1. Just to be sure, is residue 464 open to solvent by 30 Å² or more (accessible area, probe 1.4 Å), over 18 Å from residue 399 (Cβ atoms), touching a Ser or Thr at 6+ places or on another chain (Cβ under 9 Å) and not basic (Lys, Arg)?
2. Which residues, taken from region 62-85, are touching a helix residue (DSSP H, G or I) at 6+ places or on another chain (Cβ under 9 Å), outside any helix (DSSP H, G or I) and at pLDDT below 90?
3. Hey, can you tell me all the residues within region 216-237 that are in a loop (DSSP other than H, G, I, E, B) and of a type in the set (S, T, N, Q)?
4. So if I check each of 556, 606, 631, which one is surrounded by fewer than 17 Cβ atoms within 10 Å (Cβ to Cβ), among the basic types (Lys, Arg), closer than 21 Å to residue 386 by Cβ and modelled with pLDDT of 85 or more?
5. Given the conditions (1) over 21 Å from the mean Cα position of the chain (by Cα); (2) closer than 18 Å to residue 265 by Cα, report the number of the one that residue 349 does not fulfil.
6. What are the pairs, 6+ residues apart or on separate chains, where a residue within region 65-92 that is closer than 17 Å to residue 210 by Cα and in contact (Cβ under 8 Å) with a residue 60 or more places away in the chain has its Cβ under 8 Å from a residue that is open to solvent by less than 40 Å² (accessible area, probe 1.4 Å) and among the basic types (Lys, Arg)?
Amino acid sequence: MAENGEEKLIAVARHIAKTLGHTDTMTDDILQIFSSFDNRFREKLTDDQPLERSLKSLHRQISRHLSAQHPIWSDSADSAAFLDSVDQLLAIIHEWNPMANDKSVSASLDKAEDLLQQAMFRLQDEFTTLMQRASESVDLTRHQNGGDNLGGYYESEEEEEEVDDDDDDDSGEIPIAHPVTDYGILIEALPAGIISDLHEIAKRMVAAGYDKECSHAYSVSRREFLEESLSRLGLQKLSMDQVQKMQWNELEDEIEKWVKAVNVALRILFPSERRLCDRVFFGFNSVSDLSFMEVSRGSTIQLLNFADAVAISSRAPERLFKVLDVYEALRDLMPEFEFMFSDQYCVLLRNEALTIWRRLGEAIRGIFMELENLIRRDPAKTPVPGGGLHPITRYVMNYIRAACRSRITLEQVFEEIIVPSASAVDYREGDDRALSSSSLAVQMAWIMELLESNLETKSKIYKDSALLAVFMMNNERYIVQKVKDSELGLLLGDDWVRKHAAKVKQYHVNYHRSSWSKVSGVLKIDNNAMSSPTGASRSLKEKLKLFNSYFEEICKTQSTWIIFDEQLKEELRISVAGALSPAYRNFIGRLQSNNDSSRHTERHIKFSVEDLEARISELFQGSSGSGGGRK
């Protein structure tokens, strides 16, 4: 470098002479004065090509490497010599640039830039070759070691052998990976020595202003690795249109694969790529950020587009639970998006993830709106046989009961929090949140109200008021029990449960009034008719005959009716027997005590008290195929 410093001093002297000299003779005189100070300068001051001589020397050295048919980095001595030549070339360009206004210097610098460009192109090729060779080495290691050098990510050795056998038919299919259960791992995608070599190349390319070219070479190779990794997770490359046109059972399977893939991507693959970028481009944060964005953008967009397609697809109620899976997966991964996609190049990807996550929330609210429409549109055409459970009751209650297993998520969805910035969003919901959300509670109460209104409309199909009461009692009881033994109870509260339990009791009363008040009325004794023994006997016999007719008719009819809940069924039977048996026993006693009719009493008494109670115990048995059972 001492020689370079001396040449630079000579160049400065020559530049001063040319600047001060108005004629060639004056310039020569000034140079003669400079040379008189030191004889060592005499020859060099009269030499007009020190830069050219240096460039010619470097051109010979660099050209020898450029013309090599084998990779320069296949030999450590060659790679070190090449980098040293590139360093010298960069140093000369940097040192001579201040004198670029000089025509001869400018011409030499142009040649230097051309040589540098050729060197950079070769470095880019060597960079690409190193990455490819390293990837092949990793793949070979994976095959030799049984397929688990990526922390349990790739398939087992047996599956590898099957894949090798299949390779003969050129199917081109990528094997599917084992499920990942441990997300606390990082993939060592490249050996440490290769990373060091890549860093040395990147250092020269960035210094020469070829940072974008270096980033591109890096990104192409690593992007292929990420895309193959997602394929190994079973994730297909599907357009949004293809996702929207898929059959629901197929889409369910794809959503399950997507949830697994997005977790592996955000918790293992992307952090590993981020770490690799930072190591290769250590000291060059902007280039590292750009490279990571270029590597991960395609895979990230693929993952986000799938979620977006799910968000804007059909909002049929049966899709709720899988949409919730996608929503929760993105929500739980938003901190990872925040951490890895917050730089100037990746922030758009992070914002897109946040937008799609919120769009999924809108989809969930839309699904509940569709559930409301389904309840409203359910027609009141055919009555349920025996007054049993209506299918809409069973469907709606089981649906929202299952939905409320994701109560915390649904509370978050229905809160619709508007915050000033993405960083203020509370992505993770847990025990520190309030146990109930008024907005979700209102939503559930509204669905209950719609369902009850729909059932009341349907109950009007029944012409028998007692059967109407049984129908409403069955469905209301089912609703109350489903609320009490699920998260719905926490949302709707004890007051709601008490209010609707009281409705069940009221329908119970209505049933008694409609069915048994007339029967009980027959058993009442008319004191005026009992004034004479003959009149009393006739009145009692007529009443008994009428009672037998009424009782037979009711028992025959109501034995086919349905009470789905065994406890409620038993309560109804006990209440009927409790109201009827004492009155009937008293009535029979009066009949038997009447002297005029005592001789023929047994002929008129069709039921003993025990028979009466046995017949009552046969009520609400239902008929085969009535469909009133509880599920």
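1. Numbers: open to solvent by 30 Å² or more (accessible area, probe 1.4 Å): yes; over 18 Å from residue 399 (Cβ atoms): yes; touching a Ser or Thr at 6+ places or on another chain (Cβ under 9 Å): yes; not basic (Lys, Arg): yes.
Answer is yes for this residue.
2. The answer is 68, and nothing else.
3. At the first step, the residues of region 216-237 found to be in a loop (DSSP other than H, G, I, E, B) are 233-237.
Answer for region 216-237, where residues must be in a loop (DSSP other than H, G, I, E, B) and of a type in the set (S, T, N, Q): just 236.
4. Details: 606 fails: closer than 21 Å to residue 386 by Cβ; 631 fails: modelled with pLDDT of 85 or more.
Testing whether each residue is surrounded by fewer than 17 Cβ atoms within 10 Å (Cβ to Cβ), among the basic types (Lys, Arg), closer than 21 Å to residue 386 by Cβ and modelled with pLDDT of 85 or more leaves just 556.
5. (1)
6. From region 65-92, the pairs are 83/204; 86/204; 87/204; 90/204.
Per-residue answers, yes or no, for (1) assigned to a helix (DSSP H, G or I); (2) more than 17 Å from the chain's Cα centre (by Cα):
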site	(1), (2)
244	yes, no
251	yes, no
282	no, yes
302	yes, no
315	no, no
318	yes, no
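Yes or no, residue by residue, for (1) without any contact (Cβ under 8 Å) to a residue 24 or more places away in the chain; (2) assigned to a helix (DSSP H, G or I); (3) under 22 Å from residue 569 (Cβ atoms):
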site: 469; (1), (2), (3): no, yes, yes
site: 473; (1), (2), (3): no, yes, yes
site: 496; (1), (2), (3): no, yes, no
site: 505; (1), (2), (3): yes, yes, yes
site: 511; (1), (2), (3): no, yes, yes
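The values are calculated or read from the model by the stated rules, or taken from the named source; none is laboratory data. The structure displayed is predicted, hence computed values, not measured ones. Note that each Cβ is placed from the backbone with ideal geometry, even for glycine, and that neighbours are counted across all protein chains shown. Heads up: the accessible areas ignore ligands, DNA and RNA and are worked out on the full protein's heavy atoms, side chains in. Shrake-Rupley method; radii C 1.70, N 1.55, O 1.52, S 1.80 Å.
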